[in-house]
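Here is the structure we will look at.
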Amino acid sequence: MPAGMGGGQEDVRSLHPVGAFLEDAGVNASARPPRPPPSSSHPWLGALALALVLALSGCSAFSRAVKEGDAASQEQKWAEAEAAYLRALAADPEASEVKVKLGKVRQAWSEVVLEDARAVHASGDLDAAMKRLVRALELNADNASARELLGATLDARVAAGNVALKAERLQDARTEFDAVLSVAPDHAAAKRGVDGVQVAWARRWFGTGEGLEKAGKLGNALVAYVRADQERVGATAARERAEAVRQKLRDEVAFLVVASPVEDRAGAPDVAQRLAAGRLAAMLPTQLPLRVVTEAPAGREGVTLDLSLERVLPLQVVEESQRTQRYLAGNRSVPNPRRGGFETQLLKAERTLEDVERKQAAALREYLRMQAELSMVRVAAERCRERERRQCREALQDCGEAAREVSGPGQFPSECNPSRCDNNACVAEEVLLVAKAAASLQKEKALEEALDKSEGQRTQVQRHRDTTFREPITVEEPMYSDFVFDVQLHRLTVTASVTAVMRDLIKEQQVPAPNTQDYAVMHEDMAHKGYDRYGVLADPVQLRNELELRVEVGDKAVSDVARRVKERFDAYRGKRVADARRGMVRPGAEDVVETAVRALLLTADAPPQDILQPLGRARGLNRPESLVGL
């Protein structure tokens, strides 16, 4: 059979129902279902192939890393062998044979590093030997020889540190001890060595402080004593000496306020004694070198303060006024505001319902009118169709009669013309019928929407009715009334006039500038009778004693004087701080330290960090704020 014919028969067979649906065909050994393509019938084959490729690539990476590690191990390239085995473990973390090989490589590498450490140790370089021994133990923690040699190296470094300590090479000794403690934090000999270094530093700084104190450089001496105390607390008497030197510096830079006895011109000793020097000193901050004295040596910074009490005037007044107390007089019935709101909503819903029903009626009329027009158009179309059918039957009848009368073959009578039955006279009626039917359907949908809206609005109206009728028409409301009663306002005021004269100590022949201020303290209280019927409780007058107000006005006056003294002190220490800031370009110089320490003592309440921190870094202080006693 030709190939083309065979192919055509196969196509025909494939289109036959028996070939398309094998379950409907009979048993035939020669008929076999077509084999589906692998991509559509077995989608898991692609995933399996991808997983196989990944597994093969992983195995290849693992085997390649193991081969590289074995080659590097044979060549004794321990770093490369370790890196290769680590890559193999990254590909397969459960490979036990690779773990064994990695352990052997590290053990061999540890022995190589140990031999190198022994050679370096024999040359006397203990630091390099210690680093190599630590590396050997990192590679093999069970290397007993490395651990023993490391212990001997640490002991040797401790001995070297002790030798440096005895030779007063404190920095070298501290370096040795710190290196030992970085490897063995619990090394007892190294800890004792560090304690010895700290004690030695403390004694050295204490001796430096004593020399500076004898030389009159109190600021540098204070820094040295503080450094000695921070190096080792209790090793020397640095803390006590620092406090003594700090006190000397405070006495040196103290701002003195020479207060003379208060001149009492008002004849009020109880107020005048509140202005005494002791009260003024209590009002000033105690942590600052700001002192109130009766006499001052020449050349000291400060002011002379002269106070005089001009007058003390107590004044008591009584003011009459009225107050109103609202009380409950009874209850009354008032229209329920909630029911009014519900009735308003009900009325609005009913008005909306009327509009909806009106629209529903209009939609119904439109629908009925459209139905009537549709009926008329349908009747007209039916009549037209009936007329067409009748004319066509008559034409067929005439054609039959004319055909019988024709005698010759091939003759066609004119009565059998098909145009007599192909009349399009009813096309207009049919088009109009379709248009009217579509318009009627739209009117029907509009009517259904209007009916649904009307039904929903009726439900809303019924709900508003139920809510309104459940609410009572009236409610009880409390009725209040106002009761007016007389009130007396008692006010006691004590006014003290104080004149203060401040003059600088270091400026001579100053023109005095007296400053007189009035200080007033007031207390007031209400008093009225009691009327229990209206809820007004009796409130008798409870004014404070005049003596208490006199004491308070004296305290108020001395507090204001202390504030003005503090302003003078702030101006004084501001100049000292500015001088100290100018020297911070070289904070370690002795003259700069003297100026800076005095400025810090003057600002003990809030030391400026731009002075404190550079000074602490220049002199190695852990806590620079200790200079001011914090």
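The values are calculated or read from the model by the stated rules, or taken from the named source; none is laboratory data. All of these numbers come straight from a predicted model, not from anything done at the bench. Methodologically, a virtual Cβ is constructed for each residue, glycine included, from the backbone with ideal geometry; neighbour enumeration extends over all protein chains shown. Calculation scope for accessible area: heavy atoms of the full protein, side chains included, ligands and nucleic acids excluded. Shrake-Rupley method; radii C 1.70, N 1.55, O 1.52, S 1.80 Å.
Which residue, chosen from VAL511, TYR531, LEU347, occupies the Cα position most advanced towards the positive end of the dipole of the chain, where the dipole is computed from +1 (Lys, Arg) and -1 (Asp, Glu) charges on Cβ about the Cα centre?
VAL511
Residues with amide H under 5 Å of LEU505's amide H, sequence separation 5 or more or different chain, H placed in the peptide plane at 1.01 Å from N; which?
Under 5 Å from the amide H of LEU505 lie the amide H atoms of GLY302, VAL303, THR304, each far enough along the sequence or on another chain.
Rolling a 1.4 Å sphere over the protein heavy atoms, what is the accessible area per residue of the chain, to the nearest Å²?
61
Amide H to amide H under 5 Å from GLU263: which residues, 5+ apart in sequence or cross-chain, H placed 1.01 Å off N in plane?
LEU307, SER308, LEU309
Hey, what did region 156-289 get for relative contact order, percent, Cα under 8 Å, at least 6 apart?
Normalised by residue count, the contact order of region 156-289 is 15 percent.
Give the shape of region 377-504 as rounded, prolate or oblate, defined through the alpha-carbon gyration tensor: a ≥ b ≥ c are the square roots of its eigenvalues, a/c under 1.5 means rounded, and otherwise the shape is prolate if a/b is larger than b/c and oblate if not.
Because a/c hits 1.5 or more and a/b exceeds b/c, region 377-504 counts as prolate.
I need the shape label for the chain. Rule: rounded when a/c is under 1.5, else prolate if a/b > b/c, else oblate, with a, b, c from the alpha carbon gyration tensor.
Oblate is the answer for the chain, as a/c is 1.5 or above yet b/c matches or exceeds a/b.
Do you know the relative contact order of the chain, to the nearest whole percent, from alpha carbon pairs under 8 angstrom that are 6+ apart?
13
Could you check how much of the accessible area of region 198-268 is carbon and sulfur, as a whole percent, using a 1.4 Å probe?
Carbon-and-sulfur percentage of accessible area, whole number: 49.
Per-residue ellipticity at 222 nm for the chain, helices alone: DSSP H runs ≥ 4 residues times -39500 (n - 2.57), over residue total, nearest 500 deg cm²/dmol?
Taken over the chain, the calculation gives -21000 deg cm²/dmol.
Checking the a/c ratio against 1.5 first, then a/b against b/c, what shape does the Cα gyration tensor give for region 264-378?
prolate
From the phi angles alone, apply the Karplus equation (6.51, -1.76, 1.60; θ = phi - 60°) to region 487-501 and give each ³J(HN,Hα) in whole Hz, x where the residue is Gly or Pro.
Taking θ as phi minus 60°, the curve returns 10, 10, 9, 9, 10, 10, 10, 10, 10, 10, 9, 10, 10, 10, 10 Hz for region 487-501.
Under a 1.4 angstrom probe, counting protein chains only, how are LYS507, LYS217 ranked by accessible area, largest first?
LYS507, LYS217
Please compute the modelled spin-label separation between GLU310 and LYS99, points set 7 Å along Cα→Cβ, answer in nm with one decimal.
In this crude label model, LYS99 to GLU310 measures out at 9.7 nm.
Enumerate the amide H contacts of VAL293 below 5 Å, restricted to partners 5 or more residues apart or on another chain; note that Pro and chain-start residues carry no placed amide H.
VAL257, VAL258, ALA259
Given Cβ point charges of +1 (Lys, Arg) and -1 (Asp, Glu) and nothing else, what value in debye, to the nearest 20, does the dipole of region 488-630 about its Cα centre take?
600
Ranked from the most accessible area to the least, with a 1.4 Å probe and all protein chains present, what is the order of ASP560, ASP518, ASP570, ASP142?
ASP142, ASP518, ASP570, ASP560
List, in the order given, every pair from LYS67/LYS101; LYS248/LYS575; LYS507/LYS556; LYS217/LYS575; LYS99/LYS131 whose Cα-Cα distance in the structure shown is over 23 Å.
Beyond 23 Å between Cα atoms: LYS507/LYS556; LYS99/LYS131.
If you plug each phi of region 390-398 into the Karplus form 6.51 cos²θ - 1.76 cosθ + 1.60 with θ = phi - 60°, what whole-Hz ³J(HN,Hα) values come out, in order, with x for Gly and Pro?
Per-residue couplings from phi come out as 5, 4, 5, 5, 5, 5, 5, 5, 5 Hz.
Using only Cα atoms and rounding to the nearest 10 degrees, what angle (0 to 90) does helix 44-74 make with the longest principal axis of the chain?
Orientation of helix 44-74: about 30 degrees from the principal axis.
What trypsin sites (Lys or Arg not before Pro) in region 110-201 are in a loop by DSSP, with at most 16 other Cβ atoms within 10 Å of the Cβ?
Those satisfying the criteria are ARG169.
Taking a 1.4 Å probe, which of ILE611, ILE473, ILE506 shows the most accessible area, and what order do the others take after it?
From most accessible down to least: ILE473, ILE506, ILE611.
Treating the beta-carbon of each Lys and Arg as +1 and of each Asp and Glu as -1, no other charges, what is the dipole magnitude of the chain about its Cα centre, to the nearest 20 debye?
That gives the chain a dipole magnitude of about 1200 debye.
Measure nothing fancy, just the Cα-based angle from helix 238-253's long axis to the longest principal axis of the chain, in degrees from 0 to 90, nearest 10.
Around 80 degrees separate the two axes.
Using a 1.4 Å probe on the protein chains only, how many percent of the accessible area of region 505-630 belongs to carbon and sulfur?
The C+S portion of the solvent-accessible surface of region 505-630 is 50 percent.
Quote to one decimal, in nm, the extra length available between ARG544 and ASP398 on full extension: 0.36 nm per residue of separation minus the C-alpha distance between them.
Going from the current span to full extension adds 38.7 nm.
Angle between the Cα long axis of helix 126-139 and the longest principal axis of the chain, 0 to 90 degrees, nearest 10?
Relative to the chain, helix 126-139 is tipped by roughly 30 degrees.
Calculated FRET efficiency, VAL318 and LYS566, Cβ-Cβ r, R0 30 Å, to nearest 0.05?
0.15
Given charges of +1 on the Cβ of Lys and Arg and -1 on the Cβ of Asp and Glu, with all other atoms neutral, how large is the dipole of region 140-289 about its Cα centre, in debye to the nearest 20?
Roughly 300 debye, rounded to the nearest 20.
List the aspartates and glutamates whose Cα sits under 16 Å from the Cα of LYS104, skipping any in the same chain fewer than 8 residues away.
GLU68, ASP70, GLU75, GLU80, GLU82, GLU138, ASP142
With unit charges on the beta carbons (Lys and Arg positive, Asp and Glu negative) and the dipole taken about the Cα centre of region 72-194, which residue among PRO185, ALA144, GLY161 sits farthest to the positive side?
Farthest towards the positive end: GLY161.
To the nearest 0.05, what FRET efficiency results for ARG338 and GLN371 with a Förster distance of 51 Å applied to their C-beta separation?
Taking R0 as 51 Å, the efficiency between ARG338 and GLN371 is 0.55.
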